[in-house]
Amino acid sequence: MAEDSFIVRCDRCGTKNRIPKSRTRDKAVCGKCRAPLRFTAAYPRYAIAVDQSSFDSEVIRFPGPVLVLFWATWCGHCRTLLPLVDQLASEYSGTVKFVKVDLDKNQNLASQYQVQSVPTMIEFKNGKVFNRLLGAVPKDQIVQHLRAML
Ligand SMILES: [Zn+2]
């Protein structure tokens, strides 16, 4: 039972809500105060853009594994990784969430997570850094890392 559900903390009253994994595609509300629970309910079928203001709710408090791609517009390897990450988001929809962070617009996040170069992928599990993948990592290697996280 426990592994089939997530704990999501309510922003308004602080109550911890247990959300069945099968219901994470729906909009969930707090069982106590009925406030909407803030996390991306679905695992989107593409990498969603996240910035400093949404990083906490989309990544740190997201109740499942997340792969974060730090990228930049001037980075050639990023241009090959972005569509690959979108493709993986579609293949792993419901299992792993994929987000992308524009390095130039989010320097605070980059320094907080010691991102020295792009592309850098960081896997988060339960809000903590699980692993880092540096550079233009080929798809089969990313898949191996994703499997290790599940
Ligand atoms: Zn509440």
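The values are calculated or read from the model by the stated rules, or taken from the named source; none is laboratory data. Remember, it's a predicted structure, so these values are computed and weren't measured experimentally. Cβ sites come from the backbone with ideal geometry, for glycine too, and all protein chains shown count toward neighbours.
Observations on the structure shown:
- Pick from region 1-48, criterion polar (S, T, N, Q), more than 9 Å from the ligand (Cβ to nearest atom) and not in a strand (DSSP E or B), ranking: modelled with the lowest pLDDT: T40
- Lone qualifier among K105, K100 - being more than 19 Å from P65 (Cα to Cα) and either more than 14 Å from the chain's Cα centre (by Cα) or modelled with pLDDT of 95 or more (or both): K105
- Top-ranked residue of region 56-75 - restricted to ones that are of a type outside the set (V, I, T) and at pLDDT below 95, ranked as nearest to H145 (Cα to Cα): P65
- Here D86 meets the list (1) surrounded by 14 or more Cβ atoms within 10 Å (Cβ to Cβ); (2) under 25 Å from T15 (Cα atoms); (3) of a type in the set (D, E, K, R) almost entirely, failing just condition (2).
- Scanning region 85-97 for residues being over 10 Å from L67 (Cβ atoms) and in contact with a helix residue (DSSP H, G or I) (Cβ under 9 Å, 6 or more places away or on another chain) gives a total of 4.
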